[in-house]
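The values are calculated or read from the model by the stated rules, or taken from the named source; none is laboratory data. On a predicted model such as this, the values are computed, not experimentally measured, just so you know. Note: ideal-geometry Cβ built from the backbone for every residue, glycine included; neighbour counts use all protein chains shown. When the accessible area is computed, the model is the full protein with side chains, heavy atoms only, and any ligands, DNA or RNA have been set aside. Shrake-Rupley method; radii C 1.70, N 1.55, O 1.52, S 1.80 Å.
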Amino acid sequence: MIEMDLELAHLRVDYAQTTIIQDLSLNLQAGVSMALVGPNGAGKTTLLNAISGHCPVQAGRVVFGGHDVTRWSVDRRARVGMGRSFQGIHLFPHLSTLESVTLAIAAREGTPTGRLFSRVPEQWQQEAHTYLQQTALSHHAGKAANTLSHGDKRKLELAMLLALRPALLLLDEPTAGMALAEVPVMLGLLEEIKASGKYAILLVEHKLDVVFRLSDEVVVLQQGSILAQGTAHDVMADERVQAAYLGGQHVEST
């Protein structure tokens, strides 16, 4: 069985004639959770877009599971196990939560969705219920996505992502916009996903308490290049990181 590792080799990504990512090389092993941190404009979301195929790469390679996927489409990358969430929530507003997750399963199986809900296989419905249970949404199975709270929409997006059975999770600020009371539930879900060891996780996050709780490794980006890499404790103690990202303040884990 091929380990679904991610390798980035000397990536360069330009946007509007400006280099956003410059000569960036990085390895993420299967089962490891890595956080990307850095000031606004450091290139964190652009890097996720380059990995997932949502923006082109001008130089370098993206290798996943032994495949050079640098020129592959978004859909083709998803079929080999890349799963991507976004800062803005992407849902089908008028589908129920159960239908939304079932649709993700159908997409994974390569099944046309035009007449899907008139003849949904029982095993798909059972599987969809499993993902809703995993993300604490079982009691909302019949609700339309657009009626959910922001936090529950985030959880539904995660359920749909898991239904694709990815090996790599690219998560762009998964707690963004959530009410303070909703964040611990999402953190608990993400901790369970991390603890399962089934996924390589690359996480963009501004909240440092989330970084400490969810990451095995931390990479600090500055102007599209890696400034520091290591454990959360080591990186946050780095004077260069404190000066460039934290305003010279020392940060302790909580």
Taking only Cα atoms, what is the 0 to 90° angle, nearest 10, from helix 97-109's long axis to the longest principal axis of the chain?
-> 80
When the charge dipole of region 86-230 is computed with +1 at the Cβ of Lys and Arg and -1 at the Cβ of Asp and Glu, the Cα pointing farthest to the positive end, of Ser196, Ser138, Leu98, is that of Leu98
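Distances over 13 Å make up what percent of all Cα-Cα pairs in region 187-242?
For region 187-242, the fraction of Cα-Cα distances above 13 Å is 62 percent.
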If amide H atoms are modeled at 1.01 Å from N in the peptide plane, then the residues at a separation of 5 or more from Val218, or on another chain, having amide H under 5 Å from its own are Ala35, Gly230, Thr231, Ala232
Would you mind checking the tilt of helix 183-196 against the longest principal axis of the Cα atoms of the chain, expressed as 0 to 90 degrees and rounded to 10?
-> 90
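Would you kindly state how much longer the chain becomes between Gln126 and Thr147 on full extension, computed as 0.36 nm times their sequence separation minus their alpha carbon distance, in nm to one decimal? Show your work: numbers first, answer last.
On the way: separation 21, 0.36 × 21 = 7.56 nm, distance 2.30 nm.
Net length gain for the segment: 5.3 nm.
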How long, wide and thick is the chain, going by the Cα atoms along their three principal axes, in whole angstroms, largest first?
-> 58, 41, 38
Centroid-to-centroid separation of region 166-214 and region 44-120 [C-alpha atoms, Å] = 18
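Of all beta bridges DSSP finds with both residues in the chain, what is the antiparallel percent, to the nearest 5?
Values: 20 of 36 bridges.
For the chain, the DSSP antiparallel bridge percentage is about 55.
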With every protein chain kept in place and a 1.4 Å probe, the chain has an accessible area per residue in Å² of 48
Quantify how much of the Cα-Cα distance distribution of region 1-55 extends past 19 Å, in percent.
-> 30
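Which peptide among 215-222, 148-155 comes first, and what is the full order, when sorted by highest mean count of other Cβ atoms within 10 Å? Spell out each step's value before the answer.
Working: 215-222: 21.5, 148-155: 19.4.
Going from most to least packed, we get 215-222, 148-155.
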Sum -39500 (n - 2.57) across every DSSP H segment of at least 4 residues in the chain, then divide by the residue count to get the 222 nm mean residue ellipticity, nearest 500.
-> -10000 deg cm²/dmol
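Based on the mean of other beta carbon atoms within 10 Å per residue, what is the order of 58-68, 30-40, most packed first?
Numbers: 58-68: 16.3, 30-40: 19.7.
Put in order of decreasing packing, that is 30-40, 58-68.
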Please identify, among Arg119, Arg108, Arg12, the residue showing maximal mean-square fluctuation in a Gaussian network model of the chain using a 10 angstrom Cα cutoff.
-> Arg119
Calculate how steeply helix 122-134 sits against the longest principal axis of the alpha-carbon atoms of the chain, using the helix alpha-carbon long axis, and give the answer as 0 to 90 degrees to the nearest 10.
-> 40
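Hey, any idea what % of region 56-202's accessible area is carbon plus sulfur with a 1.4 Å probe?
Within region 56-202, the accessible surface is 52 percent carbon and sulfur.
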